[in-house]
Amino acid sequence: MLNEGEIRTFIQGAVHYFEVSARQPVAVGSPYLITDGPPSVHEYTGVIGISGKRKGAVCFTAPRSMLMVLLMRMNETDTSEDNMKDLIGEVANTISGNARRDFGRDFVISVPTVVASDNGKFTPPVGARPFIIPLNWRSHSAKLIVCLE
Amino acid sequence: MNAVVPLKLMIVDDSNIIRRRIERSQQIDRLRVVGAAANGREAIELFERTNPDVVTMDLTMPEMDGIECVERLVAIKPAVLILVVSALADKATAVEAIAKGANGFLCKPFTDRQLNDALAELLQDA
Amino acid sequence: MIKNVSTAWTRAQRGPVAFGVLVLLFALAVLLPGFRLAGRLDDTAAALRLVSEQRRQPDIVFGALASVRDRLESFGYVEEPLGELRAGVKELDGLVGKLTADPAAFGTFDASPVRAVQSSALLKVEMETLSKSWATYKEALAPIIEFTGVPYADSESSGVQLNPAGRKLTVEARKALVATRKETPVLVAATARVAATLEADSARLSTYLRFLMLAALTGAIALGVGLVYIAVARRREGALLVNAQRQTADILGTVKEGLFLLDEKARIGATHSASLERLFKRSDLAGISFEELLKPLVPEKTLQTAQRFVEVLWSERTRENLVKSINPLQEVEVSFDSGSGSQETRWLEFDFHRVKNDSKLVNLLVSVSDVTPRVRLARELAESREKAQSQVDTLLGVLHVNAAQLRSFLSDSDAAMKMVNAMLREPAREESAFRRKLDSIFRQIHSIKGEAAALGLGTVEGRAHEFEDALKELRERSALSGGDFLPLVVKLDDLFTHLASISDLVSRLAQLNFVATAPEAAAVGGAEAPAAVAPKPNDPISETLDQLVERVAKDRGKSARLAADGLGTVPADYRRAVKDIAVQAVRNALVHGIEDPEFRKRSGKQAVGTIKVEFRAEGAGGYRLIIEDDGAGLNSRRIREAAIARGIVTSEEAARLEPKQLLSLLFRPGFSTQDVADEDAGRGVGMNVVAELVKEMRGRIGISSGEGRYTRFTIVLPAIATVAAGAAA
């Protein structure tokens, strides 16, 4: 089960990512839990599998429009489907990788798996209740889903 | 520093966006990008073909991870300068990479300025 | 500091060496010329002595010659003056010989008069004159000196007469006298001049020697002063060194950090700070390896990382600031075997500095500090939370609760928690939206807490109480953002988990028949038509209220009974709300309404107070809920004061309020007449929650009170269809 400090690590990771990569802060919405069924996701979802001392997944899910703007902020002109997937995976990877600062080396992160679908559902790999951290950036909404045993 | 000798830079990262970003953002006069690889295995092939002087290296990659790749590259060319560019923010990973022969560590996400500063510092050893 | 000590040493060593060289040079500069001067002075003195002794010799010789002639003329005894003459000649011959001889005839260390003569050009000239004059002199004397035999002939006839040899001698003597009379002064003068020159030489050499001695003395004094200076300086440096060593020892003895040096083989140096032994609880530290130091204390992986890092520190190609930035040993968890088989955990921070000598890495200076308090502080929350999760308390709590009530509670709480989650989830970007969320969440959590308290589920109550504290803390913040809600989500997650574990426990206990099987009527959910259920004395709401009254009365030293009526007929859709309202109002009545038994007796009331809770259907499908106590009633003065004290109204506003308006203050958020918050009341939420719940159900609430006699809340609820329509709107 996650504690407050641990979730804060992920929130900080997300905030830091936007601050550094897009030079525009992200507003964190009030976090909540998924109590029944799988969490809903946006068009693109980057999933990082977590193994080692903790097991589960960290996902970053965002709509296409947001990724588009994010790419532009990063001076990337190529907004192909491949680059969208690449970006969503990289964000998830960066936030998860940064979490090792607090979780340590036994927090083993996988290479990103990217799911692209219209308002699909994401099924967390473990039984823990997923924490949803809503992220509001400019006019867009994204979510960080942290699901760790 | 003799700015006249150009140095060859190879970029290794599984993210195309990061590869393009590094190529676009690096502004060190001496550096000339000679190629980019998406994983450790590709990196070694490219390295043997282009013989770079400087490498930026991601750690979390499919096929062959960055730490192993650093070790292999240093074995091929001990004088190569490797800047690890990774999201893995724990100290133990940094120590491991440096011990295997990397010369610098830049944590993702990074700004253009952080990238250039890290590369400039790396080149002090050149 | 180590560096300073070493330079002190080299300076101390360089001094005496330079001084030795100086003394040697000084000795050479003084003694060599001194030795030569002394030799020459010795030579001159010998020559002078020689000359002085023989100075009168020419006169003696001349006198002896004259005497020879006189004796011959008077036929006297001629041998005596002849002997004198011969001796004198021999002396003078010796003198001249010695002063003109080959210097090699003298030993190196013998005084050599001839060297004195030869070392002076003037003397050489004088000596030439002297020896030439002597040669002339000697030639004139030669016939007389060579004379042997008797010069007289003794005959009877003529008496003593000169014999031919005598006559010849006489002639020679006269001739010699003539010759020497002229030569003697020359010889005397030459001798005198030689003597004078020698004397002058001697005086000059003495002066030289004196000067040399004076110079030597001065030099010796200077050297002596230098020696003293060096000695003093060395002593001072020695003292400084000793002082430095003592200071080092003092520092190592008193510094809180563990300090030690690691050499290239990662071995700990001979000196280390005293604290190091305390930190690692061992004294055999000198000379052991870094690995041996850490191995018993840390997991294998940490050890590997530490060793890797030390290797990196030694490889000089890695720059200092890079190395510093990757130090993985800033918070190392170590566990010590504290003897009795138990483990003591501490956290240590290692800091590494490269020690360089002439830019070559010679050692690593390692400082270790105990950061356990800092780490403990950070982890305290997590630990206390874990303790709160202890299953035993939960078990004990669950065992005495009726299973039906428990299931009802679990289901209600689950709904309340989902409601809280839904509120959290609701998008909010503005401050006011966040504030609304807080208020709604508070009501849900407060009702969970109330029920948990009524059922005696301390572990749930405690969690809900903490939740309320967190909410309260957020309410007091001046600005709110989404991230601030994180502690709430974590607490909610914890509450979910905790209630799930209770649920799990209940079903397991039910299987083991520990918990009495509940009567059907207590089953949760709205499957049964509420109207079909006959009023039963033991409905879950009444039971909950009964327990609440019993517990709070006991805690507060009050005596009260519950008179419940019609609570079994509450329709399912209202059951939760009615229970929440009733729990709040009953608690309120107990805490604020019912007086102490003693006070009641004195006021002519029954010692046991009564709290009536009535629920009944009214016409047009509506319902009425009445909660009434026979306590002290509402005190308008206290309400006014409390409302002012809590900043709900200003004193001016309060003064203008009508009695009815004053009573409405009870339903304002944050109102309480109790000063110190406890689990039962005082947070100023109770009646506000009642008001909100009633509002949600589109009901109305009325309040009436007789001071000293009663307080009555009357809640009118609309028909259920109306609520549903309202909720859907």
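The values are calculated or read from the model by the stated rules, or taken from the named source; none is laboratory data. Bear in mind the structure is a predicted one, so any value in this text is a computation, not a measurement. Ideal geometry is used to build each Cβ from the backbone, glycine not excepted, and the neighbour counts take in all protein chains shown. All accessible areas refer to the heavy atoms of the entire protein, side chains included, with ligands and DNA or RNA removed. Shrake-Rupley method; radii C 1.70, N 1.55, O 1.52, S 1.80 Å.
Taking chymotrypsin sites (Phe, Trp or Tyr not before Pro) in DSSP loop states with no more than 13 other Cβ atoms inside 10 Å as exposed sites, chain C has its longest site-free stretch at C:110-729. When only C-alpha pairs under 8 Å and at least 6 residues apart count, what is the relative contact order of segment C:87-236, in percent? Once normalised by length, the contact order is 21 percent. In sequence order, segment C:91-96 has phi-based couplings of 4, 5, 4, x, 4, 4 Hz under the Karplus curve 6.51 cos²θ - 1.76 cosθ + 1.60, θ = phi - 60°, and Gly or Pro positions carry x. Under 18 Å from a label point set 7 Å out along the Cα-to-Cβ vector of C:I288, the amide N atoms of segment C:359-374 belong to C:366-370.
If you count the DSSP beta bridges with both ends in chain C, what percent of them are antiparallel, to the nearest 5?
Values: 49 of 55 bridges.
Of the beta bridges lying entirely in chain C, close to 90 percent run antiparallel.
Amide H contacts of B:V55 (H built 1.01 Å from N, in plane; Pro and chain starts excluded): B:M10, B:L81, B:I82, B:L83 sit under 5 Å, all sequence-distant by 5 or more or on other chains.
Which value, in debye to the nearest 20, gives the size of the charge dipole of segment C:258-374 about its Cα centre, when Lys and Arg are +1 and Asp and Glu are -1 at the Cβ?
Numbers: 16 positive and 18 negative charges, 54 e Å.
Here the size comes out at about 260 debye.
Given axes a ≥ b ≥ c from the Cα gyration tensor, I'd like to know whether segment A:30-73 is rounded (a/c under 1.5), prolate (a/b larger than b/c) or oblate. Cα axes put segment A:30-73 in the oblate bin. For the protein assembly as shown, the solvent-accessible area with a 1.4 angstrom probe is 48 square angstrom per residue. D by Stokes-Einstein for segment C:209-347, Kirkwood Rh over Cα pairs, 25 °C, 0.890 mPa s: 126 µm²/s.
Considering only the protein assembly as shown, what is the antiparallel percent among its DSSP beta bridges, to the nearest 5?
Values: 81 of 105 bridges.
That works out to approximately 75 percent antiparallel.
Rg and Dmax over the alpha-carbon atoms of segment C:158-209 stand at 21.2, 71 Å.
By its C-alpha gyration tensor, with a ≥ b ≥ c as the square roots of the eigenvalues, how is segment C:407-467 shaped: rounded for a/c under 1.5, else prolate for a/b larger than b/c, else oblate? Judged from the Cα gyration tensor, segment C:407-467 comes out prolate (a/c at least 1.5, a/b above b/c).
Once Rg and the Kirkwood radius are both taken over the C-alpha atoms of segment A:48-149, their ratio Rg/Rh works out to 0.97. The value for segment C:129-267 of Rg(Cα) / (2.2 N^0.38 Å) is 3.06.
Restricting the trypsin sites (Lys or Arg not before Pro) of segment C:317-380 to loop positions (DSSP other than H, G, I, E, B) with no more than 15 neighbouring Cβ atoms within 10 Å leaves C:R317, C:R319.
Does segment B:7-123 come out rounded, prolate or oblate by the C-alpha gyration tensor, with a ≥ b ≥ c the root eigenvalues, rounded set by a/c under 1.5 and, if not, prolate when a/b is larger than b/c and oblate if not? Because its axes are fairly even, with a/c under 1.5, segment B:7-123 counts as rounded. With all projection directions averaged, the alpha carbon convex hull of chain C covers 69.4 nm².
Farthest towards the positive end of the charge dipole of chain C, among the residues C:Q118, C:F713, C:T569, is the Cα of C:Q118, using unit charges on the Cβ of Lys, Arg, Asp and Glu.
The label point for C:T254 and the one for A:V20, both projected 7 Å from the Cα toward the Cβ, are 4.4 nm apart. For the pair C and A, the buried accessible area comes to roughly 2000 Å² in total, with a 1.4 Å probe and the value rounded to the nearest 100. What is the Cα centroid distance between segment B:58-126 and segment A:1-70, reported in whole angstrom? With segment B:58-126 and segment A:1-70 each reduced to a Cα centre, they are spaced 26 Å. Using the Karplus relation 6.51 cos²θ - 1.76 cosθ + 1.60 with θ = phi - 60°, the per-residue 3J(HN,Hα) values for segment C:281-297 come to 6, 7, 10, 8, 8, 4, x, 7, 8, 4, 4, 4, 5, 8, 3, x, 9 Hz, with x marking Gly and Pro. By the helix-only formula, in which each DSSP H run with n ≥ 4 contributes -39500 (n - 2.57) and the sum is divided by residues, the protein assembly as shown has a 222 nm mean residue ellipticity of -18000 deg cm²/dmol.
In this simple spin-label approximation, C:D337 and B:E45 carry label points 7 Å from Cα along the Cα→Cβ vector, and these lie 5.5 nm apart. In whole angstrom, note down how far apart the Cα centers of segment C:127-170 and segment C:30-105 are. Cα centroid of segment C:127-170 versus Cα centroid of segment C:30-105: 21 Å apart.
Using only protein heavy atoms and a 1.4 Å probe, how much accessible area in total is buried between C and B, to the nearest 100 Å²? The partial results should precede the final answer.
Values: alone 39300 and 6570 Å², together 44620 Å².
So the total buried area for this chain pair works out to about 1300 Å².
About the Cα centre of chain B, how large is the charge dipole given +1 on each Lys and Arg Cβ and -1 on each Asp and Glu Cβ? Please answer in debye to the nearest 20. Don't jump to the answer; show the numbers that get you there.
Working: 15 positive and 19 negative charges, 69 e Å.
Its charge dipole is roughly 320 debye.
Once the chain from C:A239 to C:V362 is taken as fully extended at 0.36 nm per residue, the excess over their C-alpha distance is 41.6 nm. The string of couplings for segment C:440-449 from the Karplus curve (6.51, -1.76, 1.60, θ = phi - 60°) is 4, 4, 4, 4, 4, 5, 5, 6, 4, 4 Hz, one whole number per residue in order, with x for Gly and Pro.
Note on C:E277 and C:S432: their simple-model spin labels are 7.1 nm apart, each label 7 Å out from Cα toward Cβ.
Report the normalised scattering of segment C:129-193 as log10 I(q)/I(0) at q = 0.26 Å⁻¹, calculated by the Debye formula with identical scatterers on the alpha carbons. Those come out to -1.02, one per q.
Where the alpha-carbon atoms of segment C:35-212 are placed on the principal axes, they occupy 78, 29, 21 Å, in descending order.
Straightening the chain between C:K695 and C:L122 buys 191.7 nm, computed as 0.36 nm per residue apart minus the Cα-Cα spacing. Within the accessible area of the protein assembly as shown, the carbon and sulfur atoms contribute 54%, probe 1.4 Å, all protein chains present. Compute the acute angle (0 to 90°) between the alpha-carbon long axis of helix C:686-696 and the principal axis of greatest extent of the alpha-carbon atoms of chain C; round to the nearest 10°. It is inclined by approximately 60 degrees.
Translational diffusion coefficient of the protein assembly as shown at 37 °C, 0.692 mPa s, Stokes-Einstein with Kirkwood Rh over Cα pairs, in µm²/s as a whole number.
Working: Rh = 40.2 Å.
Stokes-Einstein gives a translational diffusion coefficient of 82 µm²/s.
So how much slack lies between C:F211 and C:R55, counting 0.36 nm per residue of separation and subtracting their Cα-Cα distance, in nm? Mind showing how you got there, number by number?
Values: separation 156, 0.36 × 156 = 56.16 nm, distance 3.10 nm.
Stretched fully, the C:F211-C:R55 segment lengthens by 53.1 nm.
Would you work out the charge dipole size for the protein assembly as shown about its Cα centre, treating the Cβ of every Lys and Arg as +1 and the Cβ of every Asp and Glu as -1, and quote it to the nearest 20 debye?
On the way: 126 positive and 128 negative charges, 379 e Å.
That gives a dipole near 1820 debye.
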